1. Could you tell me the calculated FRET efficiency between Ser429 and Thr17, based on Cβ-Cβ distance and R0 = 51 angstrom, to the nearest 0.05?
2. Full extension from Tyr32 to Asp250: what is 0.36 nm times the residue separation minus their Cα-Cα distance, to one decimal in nm?
3. Hand me the chymotrypsin sites (Phe, Trp or Tyr not before Pro) from the stretch 110-165 located in a DSSP loop with no more than 15 other Cβ atoms within 10 Å, in residue order please.
4. Take the residue pairs Lys77/Lys170; Lys118/Lys414; Lys47/Lys170 and return only those whose Cα atoms are more than 19 Å apart.
5. Quick one: ranking Phe376, Phe278 by accessible area, 1.4 Å probe, largest first, what do you get?
6. If each residue of separation counts as 0.36 nm, what is the full-extension length gain between Thr402 and Ser105 once their alpha-carbon separation is subtracted?
7. If I model a spin label at Trp185 and Met315 as a point 7 Å from the Cα along the Cα→Cβ vector, what separation in nanometres do I get?
8. Under the 0.36 nm per residue contour assumption, what length would be gained going from the current alpha-carbon distance of Phe300 and Ile390 to full extension?
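The values are calculated or read from the model by the stated rules, or taken from the named source; none is laboratory data. Just so it is clear, the structure is predicted and the values come from calculations on it, not from any experiment. A quick note on method: Cβ atoms are made from the backbone with ideal geometry, for glycine too, and the neighbour counts reach across all protein chains shown. Ligands, DNA and RNA are stripped out before the accessible areas are found, and what is left, the full protein with its side chains, is counted by its heavy atoms. Shrake-Rupley method; radii C 1.70, N 1.55, O 1.52, S 1.80 Å.
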Amino acid sequence: MFEQLAEAMARLSFVDTFNFCVFLAFTCCYTYQLFYVFVVLTRRAPKCTAERDHRFAVLIAARNEATVIGDLLCSIKAQNYPQDMIDVFVIADNCTDDTAAIARSEGAHVFTRFNKEKVGKGYALDHGLKSIWREFPDADHEAYFVFDADNVLDADYFREMNATFDNGAKASTSYRNSKNFDSNWISAGYGTWFLREAKFLNQARLTLNTSCAVSGTGFFISADILRAAGGWKWHLLTEDIEFSAASIIDGVRIAYCPTAILYDEQPTTFRDSWNQRFRWAKGFYQVFGRYSGRLARGIFTNPRGRRFACYDMLMTLAPGMLLSIIAITLNAIILVLGVTGIMSTGIAVMSSVSSIFFCLFNYIMFMFVFGVLTTFVEWNSIRATTARKIGSMFTFPFFMLTYIPIALVALVKKATWKPIKHSISVDVSEYSERTISA
């Protein structure tokens, strides 16, 4: 009897100790992001002003984007910035529609690319850069902007980003909003996530003078960085995060411009959302595998002002979702062993049940709080009905919960680049009104 009790207590001790260690790890690693929230709510973001206008190039990698690319090009032509200081280049990448013709009709320079082996945005950007350097050797661009074809820009976008560049930024991201937040719970989930990233991550980093991270679209990189790299050399599935990690390791601070507003189209079907987020999850694993060691070393060896940026980037890449999956899986195994009678004690089983519930409940509540906070703080920036805004607070946690199976599948399944269809054309004039609180 005493031996059975001792065995039960040992099993309980292991389960509880493991779960406590997981909880402690999350607390120690990510509590600083709660401080980010405090920074944003109590301090205003620094404001930049420009002494002169700079010459920029725009890179747009587009694959069968005939429906939407015209809107982006029109919004660039509508900028409150000298048009002779902006050169637009479209890389029509493996297109089978009229993307190239539409881009040319809107005044853009177009490079066509057909390559079924090297597929992905990074390869298209590299092709575009090298084509510019070869065909326009005297263009003298000072920085290169990267947009997706489905984007639409606020009329002051370039003027605001120019101020950031003029103040010495070598790379900078911008405020990423959604043009179809109101479509359904999936697009609203994306929209809330990107608003949260802009407001409660990048704005806090800007205020604290540490490095931000570029995310997919709406950013610039100075010409000297790209020249030194010999082109766009970041070709993992998440080339934006790879660039961010590599830049932070090299001591390049990525800035953020909260007053430069970009509107992005979000997926509206779960299939497209799964494919996109599956690629992101796989890409994060790739970047973590390649750069985590150098980021970890940078926490201790980089100059003092860059150490926290390495830590922050490492936590961004760290597979925290994977740790949650491991914790839930281990507890589920113990639960199954108890139910089937393989494990005799009910104490450990009850501990596992409570731990699984605790894990999921806390994750949902954490995302709910962030969803509510983001929605209320950015209320006037969200282009949606009141009903959709309120509803998104409750659906956002479940949108984020779907990342669990995605992250699990990404561990074992190979990812390939699958294009996401964009179909929402908008009236560009509706996006010229400034609706942001910095």
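1. According to the calculation, E is roughly 0.25.
2. 76.2 nm
3. Hits after loop and neighbour filter: Phe114.
4. Details: Lys77/Lys170 24 Å; Lys118/Lys414 16 Å; Lys47/Lys170 17 Å.
Checking Cα-Cα distances, Lys77/Lys170 exceed 19 Å.
5. Working: Phe376 125, Phe278 20 Å².
Per-residue accessible area, sorted high to low, gives Phe376, Phe278.
6. 102.8 nm
7. If labels sit at Trp185 and Met315, their model points lie 3.0 nm apart.
8. 28.0 nm
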